[in-house]
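K.L.:
So that we are looking at the same thing, I have put the structure below in C-alpha cells.
Each value in this text was obtained by applying a stated rule to the coordinates, not by laboratory testing. Computed from a prediction, not measured in an experiment: that's the story for all the values here. Glycine also receives a Cβ, built like all others from the backbone with ideal geometry; neighbour counts cover every protein chain displayed.
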Amino acid sequence: MIGGQRDENPAGIHLPLDPLPGHTSRGRLERVLRRGEFAVTTELNPPDSADPEDVYNRAKIFDGWVDAINAVDASGANCHMSSVGICALLTRMGYAPIMQIACRDKNRIAIQGDVLGGAAMGVANMLCLTGDGVQAGDQPGAKPVFDLDCMSLLETCRIMRDNGKFLSGRKLTTPPQLFLGAAINPFAPPIDFRPHRLGKKIAAGAQFVQSQYCFDVPMFRTYMQKVRDLGYTEQCFILVGVGPLASAKTAKWIRSNVPGIHIPDSVIKRLEGAQDQKKEGKQLCIDIINEVKEISGVSGVHVMAYRQEEYVAEIVDESGVLKGRQPWKREIRHDDQMVADRLEHILHDDITETQVDMVKTAH
Amino acid sequence: MSETQPAVTQATLVKKAAPKSDYKPADVSPQRRVQRSFAVRLWSVRHSRLLEWFYARFADMFLLLHPLWKGLGYGRVEGPVKFVEKRVKGFMFDCRMCGQCILSSTGMSCPMNCPKQLRNGPCGGVRANGNCEVEPDMPCVWVKAWEGSQNMVHSDRILTVQKPVDQSLRETSAWLRVTAQAAAAREAAAAAKNGAANTGASA
C-alpha cells in the first residue's frame, strides 16, 4: 500500500494533522488516546554525538510499535543531545516526539522560547518535568536553575496555548497547539499526597501523565483506586511506566542509586532465581504490562528500556497491548514514489559533467 | 552498659556522610551538614496549627498598624521590619527571604529549603525513608509540609497551584507586602461599597 495511513497528513508526513474538535494539539498521540486505544510510548536513548543518523537509527527500531517517542532532556542530569534537537530531527521524518522540558537547566525565558520553537517544528506533545538534581549526573558542578517547577511550567504552557500569552502577559501572534503531559511517581513518599498531586497537575494543565517505573503492581493499584475515587481518570490519560531489568544486580544498583525508583524484594528474588536473568527481566516486564493494562483508568504504557531498546518491539508484541493495531510507521508514499521514478537514474548514471560541458550542451 | 564501642569522632561522621563528589548542595560543606540540625524547623511543622492561629492574629495586628506604616512610609519601615522578619523566620523556619511567603499553604515548612525550590509539592525523587534526594540527611521539605498541612485548619491550601517565584521580590519583607495588599483590598472594597451606595441613592 502506498500512503494513506490513518494518522498522517496527506500533504506530507512532517506536517501537522488536521485539527479535530475537542483536541488541543494536531498530533498523533492525542488522537490515539482520545479514540480510546491503548497507547504505547517509549523513550529514545539520546546520543552523545552530533550525527543525525544516530537519532534516526535509534528511532527506527521502534517503527510500527509505538505511538510516540519521548525525547529526553538530559535525563538523570547527564549531558546528551538536547530534546529540542532530537525533536527537530524526528519531526522532519514524521515521528511523533514527546518533547521533555526539565526545569533544571533553563529559566522561564529559555523555556517559553523552546516551547514556541518546538511547536513551530511540529512537536505536538510536551512533557513538563522538574528534572533530577545536578548531583545525580555527570556534571555535579553545574548550577541548578529550577526557576519554574513542573507545576508552574505546565501552567505556563497552558497559558501560552489557551490564552495566547507569555507568562508576562505579552501576546503571541500564533499560540502553540499542544498536548500537555506530566510525570507522576506513585511509589515515593508522601504516599497519601501523591493522588492529590496528580489533581494539582491536572488543574495546572496536564492532559496525560507518564508514571515512574512500576514494579509494585499492588501499590499502583491502591494509587489508582484513590485516583479513580477523586475522579481524575476522566480528566487525564494515565500511562504506566514499565521496563525490563537487565539482571538482579542492575535492579539492586538502581534501587540504591537512582532516586525515586521503587523495586520490591520479590522482583529481585524472582530475577535472582532465573537461569537467564535478562530474559526473565523481559518476561517480568510483560507480566507487569498484562497486570496493569487491566486496571481501570490506565490508558497506555510507557516502555522505558534504557540500553535495551531492541526489546521494546518484542515486549509490545508479546504483551499484545496493541490488539493487532499498528501504530504509524514510515512508509513509501505517493510523492516518494514520484521522486523515485523521475530521479532514480541519478543513482545509477555515471555522468560527471564539468561546467564547461554544461555550457556546450546548452548551446 | 559498659560495652566498649569504637569511638565515633566527628571526622568519622563527616567521612561517612561526605558525598563522593565535590558537590556541595546549597553551599553547605559536608562538615557543616553533619552538624546541621533541623530541630527548630521540624518543631514548627509539628506545631503548624498553633502557628497558623498565631499568624492569623499577627497579620490582623499588622493590618491594624497600617496607618502607622503608612504614616512612617512603607519604604522607610521596610529595613527594620525586614531585619526582624529575617531573623525570626530564619530561626523558626530556616527562611530564605524569597519575599512571597506561602508558609500557610505549605504546612509551615518553607519550600525554599527544597534544593529544587519546588513550591507545588514533592518531586519524584523522595527517598523511601522520606529524606531528600539531593541532601540525604535532610527530611524532605514536602513530606513534612504534607504532615504539617494536615494538622492545620486550612488543610486544603496545599492543593492550590502556586505561581512561580518572582525573583525581584527577594530580600523584601513579605509581612509588609501582605499588609499593604490587604489594606489596598480593604480600601478598594470600601470604595466600591460607597460607590454602590451613592449610585443607589441617586437612582
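K.L.:
List the number of the failed condition for residue A:141; all other conditions in (1) free of Cβ contacts under 8 Å to residues at least 24 places away in the same chain; (2) under 23 Å from the mean Cα position of the chain (by Cα); (3) facing chain B (nearest Cβ under 10 Å) hold.
P.N.:
The number of the failed condition is (2).
K.L.:
Let me ask you something else. Quick check on residue A:270: is it within 27 Å of residue A:35 (Cα to Cα), surrounded by 13 or more Cβ atoms within 10 Å (Cβ to Cβ) and basic (Lys, Arg)?
P.N.:
Answer is no for this residue.
K.L.:
Residue check, residue A:334 against (1) more than 23 Å from residue A:90 (Cα to Cα); (2) surrounded by 10 or more Cβ atoms within 10 Å (Cβ to Cβ), all met but one. Which one?
P.N.:
That leaves (1) as the condition not met.
K.L.:
I've got another one for you. Output the residue which, of all residues in the stretch A:120-133 that are out of contact with any Cys (no Cβ under 9 Å at 6 or more places or on another chain) and surrounded by 24 or more Cβ atoms within 10 Å (Cβ to Cβ), is farthest from the other protein chains (Cβ to nearest Cβ).
P.N.:
Selected residue: A:124.
K.L.:
Moving to a separate point now. Please work out which residue is farthest from the chain's Cα centre (by Cα), limiting yourself to the stretch A:224-243 and to residues that are within 13 Å of chain B (Cβ to nearest Cβ) and surrounded by 18 or more Cβ atoms within 10 Å (Cβ to Cβ).
P.N.:
A:232
Rundown of residues vs (1) buried (at least 23 other Cβ atoms within 10 Å of the Cβ); (2) within 14 Å of chain B (Cβ to nearest Cβ); (3) touching a Lys or Arg at 6+ places or on another chain (Cβ under 8 Å); (4) not in a strand (DSSP E or B), yes/no style:
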residue	(1), (2), (3), (4)
A:76	no, yes, no, yes
A:80	no, no, no, yes
A:87	yes, no, no, yes
A:117	no, no, no, yes
A:154	yes, yes, yes, yes
A:158	no, yes, no, yes
A:177	no, no, yes, yes
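K.L.:
Mind telling me which of the residues B:181, B:117 ends up being at the interface with chain A (Cβ under 9 Å from one of its Cβ atoms) and either touching a Ser or Thr at 6+ places or on another chain (Cβ under 6 Å) or polar (S, T, N, Q) (or both)?
P.N.:
On inspection, the qualifying residue turns out to be B:117.
K.L.:
Restricted to the stretch A:3-39, and to residues that are farther than 17 Å from residue A:94 by Cα and not in a loop (DSSP other than H, G, I, E, B), which residue is farthest from the chain's Cα centre (by Cα)?
P.N.:
A:34
K.L.:
If you don't mind, there's one more thing I want to ask. Take the stretch A:179-214 and flag every residue that is more than 9 Å from chain B (Cβ to nearest Cβ), in a strand (DSSP E or B) and either within 20 Å of residue A:148 (Cβ to Cβ) or without any contact (Cβ under 8 Å) to a residue 24 or more places away in the chain (or both).
P.N.:
A:179, A:180, A:181, A:182, A:208, A:209, A:210
K.L.:
Quick one: is residue A:246 surrounded by fewer than 21 Cβ atoms within 10 Å (Cβ to Cβ) and assigned to a loop (DSSP other than H, G, I, E, B)?
P.N.:
It is true that residue A:246 is surrounded by fewer than 21 Cβ atoms within 10 Å (Cβ to Cβ) and assigned to a loop (DSSP other than H, G, I, E, B).
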